[in-house]
Amino acid sequence: MKNIHKSPWLLHYDGSSCNGCDIEVLACTTPVYDVERFGVVNTGNPMHADIFLITGGINSQNEDVVKQIYEQMPGPKVVVAVGTCACTGGIFKECYNIKGGVDTVIPVDIYVPGCAARPESIIDGVVKAVALFQEKHDKKKRKERAAKS
Amino acid sequence: MPKRSIVPFGPQHPVLPEPIHLDLVLEDELVIEAIPSIGYVHRGLESLVAKKDFNEMVYVTERICGICSFMHGMGYCSAVEQIMNVQIPRRAEFLRTIWAEMSRIHSHLLWLGLLADAFGFEALFMQSWRLREKILDMFEIATGGRVIFSVNKIGGVLKDMPAEMLSNFVAVLDGMEKELRETTQTFLDDYTVKSRLVGVGILTEEDAIRRGAVGPMMRASGIEVDMRKTGYAAYDEIDFQVITSKECDSFARCKVRIAELFQSIEIIRQAVSKIPDTEISVPVKGFPNGEAYVRLEQPRGEAFYYVRANGSKFVDRMRVRTPTFANIPALMQVLQGCQFGDVPLLILTIDPCISCTER
Amino acid sequence: MEEIQKNIYKIEQVELFPVIMEKKNDMWRLVQICCSFVEGNYEVTYSFATGYEISNYRLIVGKEESVPSISRVYKSAILYENEMRELFGLNVEFIKVDYHDKLYRINEETPFLKKEDR
């Protein structure tokens, strides 16, 4: 089983983004950019997902939704913040209803900058997330083995 | 006596790229009433006028929505230009027209793809999005950006497209038109598509007016209104017919949008052949003082911009009424009496753009 | 009724319903309702359109006054009126579907008024 790599599933949620990063994430799953060639697949169900792609900043209403989706995902999990708004709040940081980037609510592993983030950088972020997911998974397995023996 | 139940729908749902929440009151499988609750994407960007000056606001308005980003910038800029009495050069108006029509093609193709995805026609989804990439490539060649490209400024545009580039674009569009015919023919002829769309989600002409529907939603109910006919930008020099349909159902909305794709290509051709060789921007001095409103035809329908300025660097009030905001009451009407299974599809037929709606 | 700018008419509160009923009977559609806060007063602008024509009717409302809802005549006014009330704190009476300031569910109260005006 050592040579088998995980094929993590992606979940995409739109925080309060302007749609720009959103449609770029979707464009990444279509044949021109095809992020699925790296062994990931897009899903709509948080309970199936391993990698959480989130676009847009956090506002008072979606805060709980994001937290809930994060908790519903099985561990280990990787969070990718796509776009400047998801990283820091971006241009909307000063708006009354924006709390800031995604890391104000859940831990973020990978930040993808850009307004809107380009498909190339999204792919880069996903590839890094796949590697990190494998790493987290191996670590978990080692821990389990150590606990057994 | 059928049993009544309330089913929450959204905000995170596989068919919705964006979060919206509906409370559906069901009687068995039939939807009796739908109550929308919005606010998942509300940022409050209209209030940024107090923090960013009127030039910086162009970049904020472009980020109201990433799909019709260009036209939001254009609407805000033309409202401020109207207040300041600035006449922008003719070439800039033509360039804005060309970019606006390219945005419309990209937006309608995006919608066709999502629609196909909603009824489970994956191949058609991929085809539509493949064609859409060609438009995005053109944006990238001309401006450097793919979805948000910030070429508007108060007093004109920031980048020019040389004649050679324009003729190349027309050549690409000519090739694309053929492929588009093949792809859209599937939407119009395939029986599986028809079985999901024909006769579903009727919005009568009277309801469309009473509920204030706009854009393709309204035109698919037989109302001949297209803000482009008011002749803003360079549309006064362009010859085109308003596309309508009398059938009032989801299929009619699909047909109207498909016809508008070809119409947009034709408008770009005309604009390229008529574009004059002038400057692309004029210098603008001073601060705006006064108020103005502008109506534009976006891919999703009529958008309304209102700007009130007080002669200082900061604008007093900026209001955007986006097309989806106007279409939500019509959606509620359409959802009444539909099957529960059709709800995701019907939400898509208004071409919802939630980040526009909630700003 | 007085025309203050092209297609923008200033009306009094008593004129509101006659104007709206007239528009409704002539099959005009509601384009938008815009609220702004200018020099201590609310300015509410109702825009109606038919074909390519547009008319805007402006109502000046004092800070403590209220306006009646038009949502029983124009159902699509619900969202605009709830929005005005939540973001500006303008008291709109008898909205048909009342969200009770929970349309956007924001934490801040009336964010569109400056702090000193609240």
query: Tally time: how many residues in the stretch B:328-359 are more than 30 Å from residue B:51 (Cα to Cα), out of contact with any Lys or Arg (no Cβ under 7 Å at 6 or more places or on another chain) and polar (S, T, N, Q)?
result: 2
message: Condition first: among the small types (Gly, Ala, Ser), open to solvent by 10 Å² or more (accessible area, probe 1.4 Å), more than 24 Å from residue C:82 (Cα to Cα) and not in a loop (DSSP other than H, G, I, E, B). Can you find one or more residues in the stretch B:70-83 that meet it?
response: yes
- request: Within the stretch C:22-38, track down each residue that is within 23 Å of residue B:307 (Cα to Cα) and either more than 10 Å from chain B (Cβ to nearest Cβ) or open to solvent by less than 20 Å² (accessible area, probe 1.4 Å) (or both).
  value: C:29, C:30, C:31, C:32, C:33, C:34, C:35, C:36
message: Condition (residue is outside any helix (DSSP H, G or I) and over 30 Å from residue B:292 (Cα atoms)) applied to the stretch B:141-151: is it met by at least one residue?
response: yes
field: Residue in the stretch C:72-82 that is open to solvent by less than 10 Å² (accessible area, probe 1.4 Å), without any contact (Cβ under 8 Å) to a residue 24 or more places away in the chain and not in a loop (DSSP other than H, G, I, E, B) present
entry: yes
- prompt: Between residues in the stretch B:340-352 that are of a type in the set (S, T, N, Q) and residues that are assigned to a helix (DSSP H, G or I) and open to solvent by less than 30 Å² (accessible area, probe 1.4 Å), which pairs lie under 7 Å by C-beta distance while being six or more apart or on different chains?
  reply: B:349/B:250; B:349/B:253
Which listed residue, of C:31, C:44, is in contact (Cβ under 8 Å) with a residue 24 or more places away in the chain and out of contact with any Pro (no Cβ under 7 Å at 6 or more places or on another chain): C:44
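To keep it simple, each residue is scored yes or no on (1) within 12 Å of chain A (Cβ to nearest Cβ); (2) closer than 29 Å to residue B:118 by Cβ; (3) touching a residue at least 60 places away in the same chain (Cβ under 8 Å).
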position: B:10; (1), (2), (3): yes, yes, no
position: B:18; (1), (2), (3): yes, yes, yes
position: B:27; (1), (2), (3): no, yes, no
position: B:31; (1), (2), (3): no, yes, yes
position: B:45; (1), (2), (3): yes, yes, yes
position: B:76; (1), (2), (3): no, no, yes
position: B:89; (1), (2), (3): no, no, yes
position: B:99; (1), (2), (3): no, yes, no
position: B:102; (1), (2), (3): no, yes, yes
query: Which residue, of C:19, C:67, C:44, is surrounded by 15 or more Cβ atoms within 10 Å (Cβ to Cβ) and within 19 Å of residue B:318 (Cα to Cα)?
result: C:44
message: For the condition more than 7 Å from chain B (Cβ to nearest Cβ), within 29 Å of residue B:69 (Cβ to Cβ) and among the charged types (D, E, K, R), what is the one hit in A:50, A:14, A:34?
response: A:34
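The values are calculated or read from the model by the stated rules, or taken from the named source; none is laboratory data. Just so you know, these numbers come straight off a predicted model, no measurement behind them. FYI the Cβ positions are ideal-geometry reconstructions off the backbone, even for glycines, and counts take in every protein chain you see. Remember, those area values only see protein heavy atoms, side chains included, never the ligands or the DNA or RNA. Shrake-Rupley method; radii C 1.70, N 1.55, O 1.52, S 1.80 Å.
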